[in-house]
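Worksheet: the structure to be examined is printed underneath.
The values are calculated or read from the model by the stated rules, or taken from the named source; none is laboratory data. Because the structure is a prediction, the values reported are computed rather than measured. We place every Cβ from the backbone using ideal geometry, glycine too, and count neighbours over all the protein chains shown. All accessible areas refer to the heavy atoms of the entire protein, side chains included, with ligands and DNA or RNA removed. Shrake-Rupley method; radii C 1.70, N 1.55, O 1.52, S 1.80 Å.
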Amino acid sequence: MKRLLLVGGGHSHLAVLKSFGDAPVGGVSLALLSPSRHALYSGMVPGVVAGHYRPEDCRIDLRPLAEHAGARFFRDSAVGMDPTRREVITARGERLHYEVLSLDIGSAIREPAGTVEHALRLRPVEAFLAGWERLRAPARKGEVHRIAVVGGGAAGVEVLLAMQHALAGVAVEFALFSELPILARHGARRAIVRILRARGVAVHSGRKVLVAGKGGVELDGGGHFEAQAAVWATGASAPPWIAQSGLATDSLGFVAVSDTLQSRSHPEVFAAGDVASVIGEARPKSGVFAVRQGPVLARNLRRTLAGEAPEPFRSPSRSLALISCGNRYAVASWGGLAVEGAWVWRWKDRIDRRFVKRYRTAES
């Protein structure tokens with residue numbers, strides 16, 4: 001009996017679990033290790049903040065999905081691994097053995113020391129949503145006058161506009177800080193910059209935030225920006241234990257994989273989603289690519305278990321990007337082409353709801 005261990009309940013592993021449930025593989029013992037029973041679809045999180053969805057609308061229950069796949073479910077976190085002995089070590093001290101391992105554990109927010117005490121971080125998502133609820137209540141009472149969002153990528157833009165929509169009618173100012181231009185090299189950049197300006201958001205491009213403190217954020221060069229709350233939405237960082245795992249990594253500590261999603265140093269180990277970096281193919285950390293990697297990962301795990309050669313993952317040179325704008329309005333971009341409107345939001349809503357529904361079929 002070959003043991004396949006899935007670590008993490010990310011978007012790619014949802015596809016793996018459904019695949020193995022729909023078409024079981026004989027002679028394989030499957031297990032899933034995840035710190036949470038639920039996976040949250042990241043594409044709908046800004047909609048939860050804005051008030052368009054309930055948190056449960058974007059939750060996918062991993063336990064019934066694991067049962068559908070015939071997998072044992074371990075609710076625990078990975079804190080290390082021994083690739084020589086082919087074991088993953090959990091926070092409770094268990095050692096889970098594998099013949100084939102797949103990692104889809106996402107990433108953390110890249111932040112300076114001290115920020116965790118004074119800023120609301122976008123990840124982990126459940127903690128962010130709980131923190132947002134704690135922030136929203138005093139904001140509605142007029143106790144929060146200014147909110148600073150650090151990070152000018154799509155995630156920072158979406159969550160800022162979602163918070164602004166949720167606090168409509170409340171006298172709260174929003175400021176967006178980005179070391180690089182807002183949505184640098186993104187097809188929706190012009191439209192989003194115009195929308196931020198129209199919504200009264202103070203955009204500070206080229207301003208690096210060093211740390212978030214109790215009364216605001218400290219800027220590179222000695223400046224201080226007063227704010228009663230800060231949201232940290234900068235780039236991704238790798239889970240710390242990966243660097244000590246013995247697996248080959250890229251310069252930022254993410255698992256280095258080939259185009260087959262296999263570790264460059266240990267071919268029995270696969271990685272997908274944010275935790276993985278496909279060497280030679282620079283791509284942003286995005287749920288879009290994790291979703292696209294899922295079916296290829298499922299096929300490659302099957303092929304490896306059968307002793308067959310895995311197939312390469314070919315990401316398209318261009319991909320559809322959909323950015324929600326707080327209200328039921330969104331911007332879509334494809335390469336350098338961008339369109340916007342309420343109809344784009346409805347299109348995004350259908351795509352997001354269809355994704356969640358696909359992996360809830362096993363719950364009934």
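Within segment 186-209, residues that are of a type outside the set (D, E, K, R) have Cβ atoms under 8 Å from residues that are in a strand (DSSP E or B) and surrounded by fewer than 14 Cβ atoms within 10 Å (Cβ to Cβ) in these pairs: Gly187/Trp334; Gly187/Leu337, counting only partners at least 6 apart in sequence or on another chain.
Considering only residues in segment 46-76 that are free of Cβ contacts under 8 Å to residues at least 24 places away in the same chain and part of a loop (DSSP other than H, G, I, E, B), the one that is most open to solvent (accessible area, probe 1.4 Å) turns out to be Arg54. Among the residues of segment 7-19, those identified as within 20 Å of Leu96 (Cα to Cα) and outside any loop (DSSP other than H, G, I, E, B) are Val7, His13, Val16, Leu17. Answer yes if at least one residue in segment 83-104 is of a type in the set (Val, Ile, Thr), at pLDDT below 95 and surrounded by fewer than 19 Cβ atoms within 10 Å (Cβ to Cβ), and no otherwise. Within segment 83-104 (the criterion being of a type in the set (Val, Ile, Thr), at pLDDT below 95 and surrounded by fewer than 19 Cβ atoms within 10 Å (Cβ to Cβ)), the answer is no, since none of the residues qualifies. Applying the criterion of being open to solvent by 30 Å² or more (accessible area, probe 1.4 Å) and within 19 Å of the chain's Cα centre (by Cα) to the residues of segment 323-356, the residue that is nearest to Ser286 (Cα to Cα) is Ile351. A single member of Val356, Val339 is part of a strand (DSSP E or B) and over 18 Å from Ile182 (Cβ atoms), and it is Val339. State all residues of segment 167-182 that are open to solvent by 60 Å² or more (accessible area, probe 1.4 Å) and part of a strand (DSSP E or B); if no residue qualifies, say none. Result: Glu173, single match. Residue count for segment 215-237 under the criterion of being modelled with pLDDT under 90 and crowded, with 19+ Cβ neighbours inside 10 Å: the result is 2. A residue that is under 30 Å from Glu56 (Cβ atoms), touching a strand residue (DSSP E or B) at 6+ places or on another chain (Cβ under 6 Å) and open to solvent by 60 Å² or more (accessible area, probe 1.4 Å) cannot be found anywhere in segment 183-194.
Across segment 1-17, which residue is nearest to Ala272 (Cα to Cα) among those that are open to solvent by 50 Å² or more (accessible area, probe 1.4 Å) and touching an Asp or Glu at 6+ places or on another chain (Cβ under 6 Å)?
This residue is Arg3.
Here segment 257-309 is the region considered, the condition is being in contact with a Ser or Thr (Cβ under 7 Å, 6 or more places away or on another chain) and part of a loop (DSSP other than H, G, I, E, B), and the residue that is least open to solvent (accessible area, probe 1.4 Å) is Ala272.
Yes/no matrix, rows are residues, columns are (1) over 23 Å from Leu65 (Cα atoms); (2) touching a residue at least 24 places away in the same chain (Cβ under 8 Å); (3) not aliphatic (A, V, I, L, M):
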| site | (1), (2), (3) |
| --- | --- |
| Phe289 | no, yes, yes |
| Leu297 | no, yes, no |
| Leu320 | yes, yes, no |
| Asn327 | yes, yes, yes |
| Arg354 | no, no, yes |
| Lys357 | no, no, yes |
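Tell me, which residue of segment 18-36 that is crowded, with 19+ Cβ neighbours inside 10 Å and free of Cβ contacts under 8 Å to residues at least 60 places away in the same chain is nearest to Gly80 (Cα to Cα)? Ranking the candidates gives Ser34 first. Within segment 128-163, the residues that satisfy the criterion of being in a helix (DSSP H, G or I), within 25 Å of Ser205 (Cβ to Cβ) and either open to solvent by 40 Å² or more (accessible area, probe 1.4 Å) or β-branched (Val, Ile, Thr) (or both) are Ala155, Val157, Val159.
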